[in-house]
Amino acid sequence: MGIKSDWAGVTPFLLFAVMAFSWGDLLFGIDTGSFGALQVLPSWLRSFGDLNPTTGVYSSPTSRTSLMNAIVFVGSFIGCAIFEPICERWGFKVCIMLAGVVQVIAVIVELTATNWIVFTVGRIIAYIGVGLVENATPGYCSEVSPAAIRGFMSGSMTVLVTVGNTIGVGMSLPFATEMGRIGWIIPTAIQLLPALGILAMVPFCPESPRWLISKGRDAEGLASLNRLRHKRDVDSGITAIECDALIAAVQESRMVEKGRWIDLLSKKYRRRTVIVLLLFCFYQTTGGGFVNVYGPTFYRQMGLGSKVFVYATLGQGIGIVSTIIAILLIDKLGRRLPIITGATMLVVCNVLIGTLGPKPNITAVEQNVVVASLILLLSGVKISFQCNAFLMTSEMGGVRMRKKFMGFGTTVDVIYRIVFTAVVPFFLNDPLYMGARFAFVMGGFALASWFFAVLMVPETSGRGLEEMDELFAMNMWPWEWKNAKTTGLGSTITALEMGRDVEMMEDVKDKLAVEHAENTNGAVPTLR
């Protein structure tokens, strides 16, 4: 009996389904990347800022910038809040297509805006779509991907978000000196592309087999699984057995829990809830949110002039390279090592920015060190928390609570973003902090994140989604997860996903028959 390689279970259609949903990540990235760049474009400031009669320069007051940057995330909060009930009732496909429709409406509102209030309303609508995307995409990719390659599939979100960030910032580069409306119209209109991509491709994707089975639509679940897996697995009966195992896991879960929101605080899930809270906390507070939203503003404060958009685009480009390397290695290296490594980078970079940035007579070399540190700050966040926060949250919820954990995690992520983006402008303009000294605040969070990674983050790579409840019940130290052995239905499903040969099928059938009998008071299951 052998085991297939990690990529042996990947089919062209699975890649298509993941890519179709991942267009939502491009939407996410362009939205978050473009807004920070738009706010320093002279054309945007001329349309939505205030004219200083003394200098003849257009600008946006700090209080207004802070309000706009914070209030747009209300839309993301709404998107995250409505994800779970929509997905629970209608599935992942409806969620992601709704995000595409919402984005089209948002861009139309933005393009027709004549004042900053209407433009901000458009941004709020756009972020409703972002909220749906940041839940639906990692959730779907986790549910359809084999355990051995789930980190890569779900982690591709980070790459496409970064590509979107780069496009969002880069589209402003050609218009750095443009004063006409066209200077902000084109960078805004580019947000339509990922929305149209979603609406064009997602209808051809299968719904998540796990979602279908959870709704009692077992035949559709098997048909969906058969479309995603290799024909040899379908012909040999492996997908049928995997479907039976998923059905049994759902039945077993329904015997012991209902999957309520209040269960996030129960003894069974409390540890997971804390981990999710801290994953998203450190994702926002260690530097990534700062670079994405206020990076161009900070570069301008550093006196970089026309190079603002060059460095902002370069930083996002390096971020793409970092995330590609990260997702290629995440299933081999696991979750813990990238987080620990990235947290170390974040501590060093923030200390360098906070130490050198505020110097009154900063040299060219020191300025370059600050710029490089800011660029690497983004890479550190992407390697550590951006790659893993969404991925691990989509993994840890178990059979009944996965969608609720995703909805909860991304909702608290938005709350962190609202607070963080509202506060930062005042620090950037406070003489005491002189902008760069705020890096010490982020460095403190980065140091805390390092201890969190070492002492609390479990190793979930190579583990099946249905194994999580059993693993957390073992109450192990995080570093003990790698060698832990599970014996329940989750281990059976993982074995099938990992591609073990058909020789094991009779053993699996016997095990499923026993589990089914226990869950149905002795009734004999009808195995395919």
Within segment 125-148, take every residue that is at pLDDT below 90 and over 17 Å from the mean Cα position of the chain (by Cα) and give me the one that is surrounded by the most Cβ atoms within 10 Å (Cβ to Cβ). ALA147
Among the residues of segment 313-329, is there at least one that is assigned by TED's automatic domain parsing to the domain that holds MET68, farther than 16 Å from LEU376 by Cβ and more than 19 Å from the chain's Cα centre (by Cα)? no
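Yes/no matrix, rows are residues, columns are (1) of a type in the set (Ser, Thr, Tyr); (2) modelled with pLDDT of 95 or more:
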residue	(1), (2)
GLY444	no, no
ALA448	no, yes
GLU459	no, no
LEU465	no, no
LEU471	no, no
PRO478	no, no
GLY488	no, no
THR494	yes, no
MET505	no, no
The residue from VAL169, VAL107 that alone is assigned by TED's automatic domain parsing to the domain that holds VAL40, in contact (Cβ under 8 Å) with a residue 60 or more places away in the chain and touching a Phe, Trp or Tyr at 6+ places or on another chain (Cβ under 9 Å) is VAL169
With criteria (1) of a type in the set (Lys, Arg); (2) assigned by TED's automatic domain parsing to the domain that holds ALA176; (3) at pLDDT 80 or above, LYS231 comes up short on (2)
Say whether the condition of being in a helix (DSSP H, G or I), closer than 27 Å to CYS87 by Cα and either in contact (Cβ under 8 Å) with a residue 24 or more places away in the chain or of a type in the set (Gly, Ala, Ser) (or both) is met by at least one residue in segment 175-188. no
Scanning segment 383-401 residue by residue, those under 20 Å from THR158 (Cα atoms) and of a type in the set (D, E, K, R) turn out to be GLU395
Restricted to segment 379-431, and to residues that are modelled with pLDDT under 85 and not in a helix (DSSP H, G or I), which residue is farthest from ALA326 (Cα to Cα)? PRO431
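Out of ILE149, ILE190, ILE125, ILE182, which single residue is β-branched (Val, Ile, Thr) and farther than 27 Å from LYS382 by Cα?
ILE182
Let's see how each residue does on (1) under 21 Å from GLY407 (Cα atoms); (2) in contact with a Cys (Cβ under 8 Å, 6 or more places away or on another chain); (3) surrounded by fewer than 19 Cβ atoms within 10 Å (Cβ to Cβ):
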position: CYS87; (1), (2), (3): yes, yes, no
position: TRP90; (1), (2), (3): yes, no, yes
position: LYS93; (1), (2), (3): yes, yes, no
position: MET97; (1), (2), (3): yes, no, no
position: GLY100; (1), (2), (3): yes, no, no
position: GLN103; (1), (2), (3): yes, no, no
position: ALA106; (1), (2), (3): no, no, no
position: GLU110; (1), (2), (3): no, no, no
position: PHE119; (1), (2), (3): no, no, no
Subset of segment 441-487, residues in contact with a helix residue (DSSP H, G or I) (Cβ under 9 Å, 6 or more places away or on another chain), free of Cβ contacts under 8 Å to residues at least 24 places away in the same chain and outside any helix (DSSP H, G or I), comes to MET474, ASN475, TRP477, ALA484, LYS485, THR486, THR487
Among the residues in segment 283-304, are any β-branched (Val, Ile, Thr) and modelled with pLDDT under 75? yes
Report yes if some residue within segment 74-84 is modelled with pLDDT under 85 and closer than 27 Å to GLY180 by Cα; otherwise report no. no
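The values are calculated or read from the model by the stated rules, or taken from the named source; none is laboratory data. Note that the structure is predicted; figures quoted are calculated from it, not measured. We place every Cβ from the backbone using ideal geometry, glycine too, and count neighbours over all the protein chains shown.
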